[in-house]
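What follows is a set of notes on a single structure, which appears directly below.
The values are calculated or read from the model by the stated rules, or taken from the named source; none is laboratory data. These numbers come from a predicted model, not from an experiment. Methodologically, a virtual Cβ is constructed for each residue, glycine included, from the backbone with ideal geometry; neighbour enumeration extends over all protein chains shown.
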Ligand code: ZN
Ligand code: FE
């Protein structure tokens, strides 16, 4: 029985925090720790007690809250084996394909290098939820700081293979800016045009645009649509590989 509860909130300027709660055991995990105070406020709001932190990657805006939370709650910190040297507060590390249990559910670790080399994402197959950190955003993907486009594309294909109804939580609210870029790459996509309207309405109301789903991203996120014939025609890249088309789209966003 999938019965985990998910509570999303905003931190810092544009980061998301999420609490994952198992009502049976009371176990509660913070997905990354962007800002200790905001995580503590969310715990107060929900009445949950922090037992775990799940860390996606070593960037400061994802780990800076860990020491204070660990001091206050004595929680168990799980993160990427490949970045253990950069995240001094880890109690347990995992790599690609590893599985552990949280709140009675299996959690599958998917390594998605590109934004950082050791990035891991957490997939809860029973709840149908994936936490993509700074790898996959709504209508976007992370900047490639440590890897290369080929590596990032391969990482994204792992997420694209998850069931279409999988719910996606990610690290940042970048959706409106991503949407404005997306229409320059995929101007004829009517699903993208109507999503743009939804996003503008949500942001105007001060509401988050996340979570999204894998299916929605496959339909509208240009970074996942490198195989699309219209996008390829727009870019003049009909004969290129998917990774090359992806690299061109990423490059245009970086330069824009
Ligand atoms: Zn990052
Ligand atoms: Fe980040």
For this session: Kindly indicate whether any position in the range 212-223 is within 16 Å of ligand 2 (Cβ to nearest atom), in a helix (DSSP H, G or I) and within 18 Å of residue 252 (Cα to Cα).
Result: no
For this session: Six or more apart or on different chains, Cβ under 6 Å: which pairs go from a residue in the range 119-134 that's over 13 Å from residue 169 (Cα atoms) to one that's at pLDDT 95 or above and part of a strand (DSSP E or B)? Could you list them?
Result: 120/80; 120/109; 120/111; 126/105
Seminar exercise, completed: With the first residue restricted to the range 42-65 and required to be more than 24 Å from residue 99 (Cα to Cα) and without any contact (Cβ under 8 Å) to a residue 60 or more places away in the chain, and the second required to be part of a helix (DSSP H, G or I) and away from ligand 1 (no atom under 16 Å from the Cβ), Cβ contacts under 7 Å at 6 or more apart or on different chains are 65/36; 65/39
For this session: Among the residues of the range 49-68, count how many are farther than 19 Å from residue 133 by Cα and either surrounded by 21 or more Cβ atoms within 10 Å (Cβ to Cβ) or in contact with a strand residue (DSSP E or B) (Cβ under 9 Å, 6 or more places away or on another chain) (or both).
Result: 3
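Of the residues 192, 224, 210, which single one is within 16 Å of ligand 1 (Cβ to nearest atom) and either in the same structural domain as residue 240 (by TED's automatic domain parsing) or modelled with pLDDT under 95 (or both)? Break it down into steps so the answer makes sense when it comes.
Details: 192 fails: within 16 Å of ligand 1 (Cβ to nearest atom); 224 fails: within 16 Å of ligand 1 (Cβ to nearest atom).
Result: 210 is the single residue among 192, 224, 210 that is within 16 Å of ligand 1 (Cβ to nearest atom) and either in the same structural domain as residue 240 (by TED's automatic domain parsing) or modelled with pLDDT under 95 (or both).
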For this session: Within the range 1-21, identify whether any single residue is more than 18 Å from residue 168 (Cα to Cα), modelled with pLDDT under 95 and away from ligand 1 (no atom under 16 Å from the Cβ), and answer yes or no.
Result: yes
Exercise. Got at least one residue in the range 139-146 being more than 16 Å from ligand 1 (Cβ to nearest atom), modelled with pLDDT of 95 or more and either over 23 Å from residue 33 (Cβ atoms) or part of a loop (DSSP other than H, G, I, E, B) (or both)?
Worked result: yes
For this session: Answer yes if at least one residue in the range 31-38 is crowded, with 21+ Cβ neighbours inside 10 Å, outside any strand (DSSP E or B), away from ligand 2 (no atom under 16 Å from the Cβ) and at pLDDT 95 or above, and no otherwise.
Result: no
For this session: For the range 158-183, enumerate the residues that are in a helix (DSSP H, G or I) and either crowded, with 19+ Cβ neighbours inside 10 Å or in contact (Cβ under 8 Å) with a residue 60 or more places away in the chain (or both).
Result: 159, 160, 175, 178, 179, 181, 182
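Within the range 1-16, work out how many residues are under 16 Å from the mean Cα position of the chain (by Cα) and closer than 15 Å to residue 129 by Cβ.
First pass over the range 1-16, keeping only residues under 16 Å from the mean Cα position of the chain (by Cα): 6-11, 14-16.
Narrowing the set further to residues that are closer than 15 Å to residue 129 by Cβ leaves 6-8, 16.
Of the residues in the range 1-16, 4 are under 16 Å from the mean Cα position of the chain (by Cα) and closer than 15 Å to residue 129 by Cβ.
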